[in-house]
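Only the coordinates and a few stated rules stand behind these numbers; no lab work does. Every value quoted in this text rests on a predicted model; they were computed, and no experiment measured them. Cβ placement follows ideal geometry from the backbone for every residue including glycine, while neighbour counts extend to all protein chains displayed.
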Amino acid sequence: MRSIARSRGPCNAPRKPGIVAVAARERLILGVSDFVAKHPEISELDLNPVLAYPDGAIAVDARVVLAEA
């Protein structure tokens, strides 16, 4: 995903020199996209903050809004 590799801000400015977590961010985004696609009742999903490391990424907090029935 080129858009992930080109993201700016904290994602491309790691706190520790030498850490590149583009692949971890890509896996997280694809996993979240798959989850939302399988659950159409989700109308909004907010993950903040997301911590990305070379070996994986984790969402520290999540807010899920379900569609009205």
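Summing +1 for each Lys or Arg and -1 for each Asp or Glu among the other residues whose beta-carbon sits under 10 angstrom from that of L66 gives -3. In terms of packing, defined here as the mean over residues of other Cβ atoms within 10 angstrom, the peptides 22-34, 40-52, 56-68 line up highest first as 22-34, 40-52, 56-68.
Rg and Dmax of the range 28-69, both derived from C-alpha coordinates alone, stand at 11.6, 40 Å.
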